[in-house]
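This report concerns only the one structure given below.
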Amino acid sequence: MTKFGVDAASFYVPSLYLEIKDLAEKRGIEPAKLEKGLGLHKMALPDVHEDAATFAAEALLKLIQDYNIDPKEISRVYLGTESALDAAKPTATYAVQMVEEFLSDEFGERSFKNCDVVDMTFACVGAVDALHNSLDFVRANPTKKAVVIASDYAKYELASSGEYTQGGGAVALLVSANPKLIEIDNNWGVATESVFDFFKPRRHHSKSELTSASESYPDKIEVFTDEPVFDGQYSNQCYQDRIREAYQHYKEQTFTVRPYEDWRYLIFHLPYAFHGKRVFTEIYSLENHLDFSDAEKQKAIAKSEDYINFINEKIERSQRASSEIGNMYTASIFMALMSALQTSYDENEDLTEKEIGFLAYGSGSKSKVFVGKVSPEWKSVVKKWNLFDSLKNRLAIDFETYEKLHRKQLDFSVNLDYKGFGLTRVEKESPVLKGARYYSYQK
Ligand SMILES: CC(C)(COP(=O)([O-])OP(=O)([O-])OC[C@H]1O[C@@H](n2cnc3c(N)ncnc32)[C@H](O)[C@@H]1OP(=O)([O-])[O-])[C@@H](O)C(=O)NCCC(=O)NCCSC(=O)C[C@@](C)(O)CC(=O)[O-]
């Protein structure tokens, strides 16, 4: 029987970061809370020229170059994002255009001319929806290939309790028949409930209302903020409730008992590194008939030797990249997968045929639980990543620069020597092009 899944994967993490201990110091938070309590070390930040479209373009270009893909063979580019740049024109169109122009010498003009391109939005689960949809597409059309991109900038208000869970970047996946990285099984546990745990209502402001507006904002264009309205502890509860329900739904469909025991890794959407291990205690307790009825008993389970051993074996490796990057919203779950696979690769572990369980979550809210099986050729895909080495080649910025970047008060890139895609101009004058974004590639 033909298998379907992820054939190749690539990532992009912006070159700037802030040390979490610097943020902790300035905000009067004990660094140990963020480092040892939530697992945070560094927070990736977009430079002035970067946004969700440049992140996506970088990841897509890397995918094409690292795995020698002919863009004309890609039938779909489905982009999961909650950092869309426009309410009508998909961010995917910007990303595809940048890559198309970059590759025009090699593949001619408009190499994505016949490609189906769209954005999908459901908070952090939007790219899993894009993957689900793209898998359905290749199952129905086994000779075709699709690309899924997850691209986001997780931004919260300065000095809010979400501030230390910021981050950003993108992951691109090639979805096809006979995948070299991981085969995805077609059983999906799903749970949905409409809630207000985290959301981004359109809040239009004129320039005069925005204390943080830079001079570069035009007076007459209304700007809408990209910072969410959220309730942190309630969002944790919604996440825990949805993954429990989706896991239960997965079990009902697959007639499995304690499926997590067969999973080599449990891969979560990670809004911060330690989130997965903090919320899985409930499912773990239910599966092992442990008393989870009050906070004290829940703490005892989290601190038990059995649970700690379980985390060290099945979750810890997936957290490592998140500690260095922060929340990547839609891309976080795929980065957690890359983190685990890269670590197994570096440790020379053989993962062939091992099962991996995914527990995805998007605020608003929805969870999807599904399972993959690592392909025999997985190492040939992972060997291109050098994930942890590449994270060492970034530029630390100081707190003052961070605040200016956040407030959009800088007119020039912090990393002037950057190589790659960048926003060069937003049209401000022309009535028929006002707001149009123009990008170029800096060599
Ligand atoms: C994530 C929260 C809620 C954290 O909120 P918080 O109030 O900063 O932290 P906390 O109290 O929940 O946890 C602190 C932990 O640090 C420990 N601690 C304390 N002090 C020390 C010390 N000295 N040494 C060592 N450890 C220490 C403390 O004990 C505790 O660990 P625990 O024992 O409970 O495991 C907050 O930052 C926030 O609201 N973030 C934004 C929203 C969010 O990320 N929600 C997560 C779930 S929803 C989701 O994942 C979806 C999302 C957000 O990605 C969006 C989307 O779908 O689009």
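Read-outs: derived from the displayed coordinates by stated rules, not from any lab. What you are looking at is a predicted structure, and each value in this text was computed from that prediction instead of being measured. Reconstructed Cβ throughout: ideal geometry from the backbone, glycine too, with neighbour counts over all protein chains shown.
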Name the residue farthest towards the positive end of the dipole of the chain from the options Q233, V195, T91, assuming +1 on Cβ of Lys and Arg, -1 on Cβ of Asp and Glu, about the Cα centre. T91
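Please give the contour-minus-distance gain from F388 to Y67: 0.36 nm per residue of separation, less the Cα-Cα distance, rounded to one decimal in nm.
Working it through step by step, the gained length comes to 113.6 nm.
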Anything over 28 Å Cα to Cα? Flag those among K366/K392; K368/K408; K36/K297; K144/K383; K26/K384, in the order listed. K366/K392; K368/K408; K26/K384
Among bridges DSSP assigns within the stretch 55-182, what percent are antiparallel (round to 5)? 45 percent
Spacing of the two label points (7 Å from each Cα toward its C-beta) at L158 and E193, in nm: 3.7 nm
Expressed in nanometres to one decimal, the distance between label points 7 Å along Cα→Cβ at N309 and T254 is 2.3 nm
In order through the stretch 101-116: 3J(HN,Hα) via Karplus (6.51 cos²θ - 1.76 cosθ + 1.60), integer Hz, x for Gly, Pro: 5, 4, 8, 5, 5, 7, 10, x, 5, 6, 5, 9, 3, 9, 8, 8
What list do you get for V257, V171 if you sort them by fewest beta carbons within 10 Å? V257, V171
With the crude spin-label approximation of a point 7 Å out along Cα→Cβ, what separation in nm comes out for E403 versus K443? 4.1 nm
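How would you classify the stretch 1-151 from its alpha-carbon gyration tensor, with a ≥ b ≥ c the square roots of the eigenvalues: rounded for a/c under 1.5, else prolate if a/b is greater than b/c, otherwise oblate?
Cα axes put the stretch 1-151 in the prolate bin.
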Given axes a ≥ b ≥ c from the Cα gyration tensor, I'd like to know whether the chain is rounded (a/c under 1.5), prolate (a/b larger than b/c) or oblate. oblate
In what sequence, highest mean first, do 320-331, 262-273 appear when ranked by Cβ atoms within 10 angstrom? 320-331, 262-273
One would report the Cα pair-distance distribution of the stretch 93-153, bin width 10 Å, in %, as 20, 43, 33, 5
With the stretch 264-375 reduced to its Cα atoms and the Debye formula applied, log10 I(q)/I(0) at q = 0.12, 0.15, 0.18 1/Å amounts to -0.43, -0.67, -0.95
Taking H placed 1.01 Å from N in the peptide plane, check which residues at least 5 places from V117 or on another chain put their amide H under 5 Å from its amide H. V77
What FRET efficiency comes out for D136 versus A87 if R0 is 30 angstrom and r is the Cβ-Cβ distance? Round to the nearest 0.05. 0.70
Can you give me the long-range amide H partners of W188? Hydrogens built in the peptide plane at 1.01 Å from N, cutoff under 5 Å, separation of 5 or more residues or another chain. none
Counting other C-beta atoms within 10 Å, and keeping those with at most 10, which DSSP coil GluC sites (Glu not before Pro) do you find in the stretch 330-360? E347
Karplus-derived HN-Hα couplings along the stretch 245-253 (A = 6.51, B = -1.76, C = 1.60, θ = phi - 60°), whole Hz, x at Gly and Pro: 5, 5, 5, 4, 5, 4, 5, 4, 6
Ordering 335-345, 158-168 by per-residue average of other C-beta atoms within 10 angstrom, highest first, gives 335-345, 158-168
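Take peptides 423-430, 77-84, 191-198 and line them up by average Cβ neighbours within 10 Å, highest first, as a rough protection proxy.
Numbers: 423-430: 12.9, 77-84: 27.5, 191-198: 16.9.
Highest mean packing first, the order is 77-84, 191-198, 423-430.
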